[in-house]
1. List the relative contact order of region 1-154 as a percent without decimals, with contacts defined as Cα pairs under 8 Å and 6+ residues apart.
2. With bins 10 Å wide starting at 0, give me the P(r) of the chain over every alpha carbon pair, in whole percents.
3. Given a Förster distance of 41 angstrom, what is the FRET efficiency for residue 68 paired with residue 154, based on the Cβ-Cβ distance and rounded to 0.05?
4. Rounded to the nearest 0.05, what FRET efficiency do residue 101 and residue 147 have when you use their Cβ-Cβ distance and R0 = 25 Å?
5. If neighbour count is taken as other Cβ atoms inside 10 Å, put 34, 15 in order from fewest to most.
6. From the helices alone, meaning DSSP H stretches of at least four residues, give me the mean residue ellipticity at 222 nm for the chain, per-run term -39500 (n - 2.57), in deg cm²/dmol to the nearest 500.
7. Which part of region 1-21 falls in the paramagnetic zone of residue 46, meaning amide N under 18 Å from the point 7 Å along Cα-to-beta-carbon?
8. Round to the nearest 0.05 the FRET efficiency obtained for residue 113 and residue 28 when R0 = 41 Å and r is the Cβ-Cβ distance.
């Protein structure tokens with residue numbers, strides 16, 4: 001049976017529950033790539049609040065892929081000021097997740113491209129994406145879309 005074709009649209013408050021589930025899935029996936037990204041037991045509560053604030057913010061873009069009422073993909077981007085660099089406003093893709101059964105169907109490309117359009121309309125002049133550096137699937141995906149590495153963040157556990 002064919003999967004329903006998703007429609008990409010701006011997230012609404014009614015989407016928060018399903019969208020929060022996707023954010024937590026993403027964080028659990030990140031945890032698989034790096035043990036320093038251990039997910040809190042109350043991550044779902046944080047995800048709900050985080051998305052609610054982002055949906056209301058003028059400096060964020062939250063898009064969902066809606067397949068007949070089921071949220072199957074999500075992208076969240078934020079505007080960031082770059083006081084030391086030109087261009088001065090960055091659009092940063094912070095969250096991006098597509099359910100496994102909807103991958104390899106160009107939905108991810110469409111979500112990212114639509115997020116770029118929305119972030120540009122809000123003033124972003126450069127687009128970046130944040131994800132674990134160990135995630136070679138993400139590295140390859142973003143490279144395919146024309147992104148390149150800019151910064152590295154290194155961590156060390158001190159417990």
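Here, each number is a calculation from the coordinates, and none is a lab measurement. What you see is a predicted model; the values in this text were computed from it and never measured. No Cβ is skipped: glycine too gets one built from the backbone with ideal geometry, and neighbour counts run over all protein chains shown.
1. Working: 225 pairs, mean separation 34.1, N = 154.
With pairs under 8 Å counted, the relative contact order is 22 percent.
2. Reading the bins upward from 0: 10, 38, 39, 12, 1, 0.
3. Values: r = 43 Å, r/R0 = 1.05.
E(calc), rounded to 0.05, equals 0.45.
4. Working: r = 25 Å, r/R0 = 1.00.
Taking R0 as 25 Å, the efficiency between residue 101 and residue 147 is 0.50.
5. Numbers: 34 13, 15 20.
Arranged by neighbour count, lowest to highest, 34, 15 become 34, 15.
6. Mean residue ellipticity, 222 nm, calculated: -11500 deg cm²/dmol.
7. Inside the label zone: 17, 19-21.
8. Numbers: r = 26 Å, r/R0 = 0.63.
In this case the efficiency is close to 0.95.
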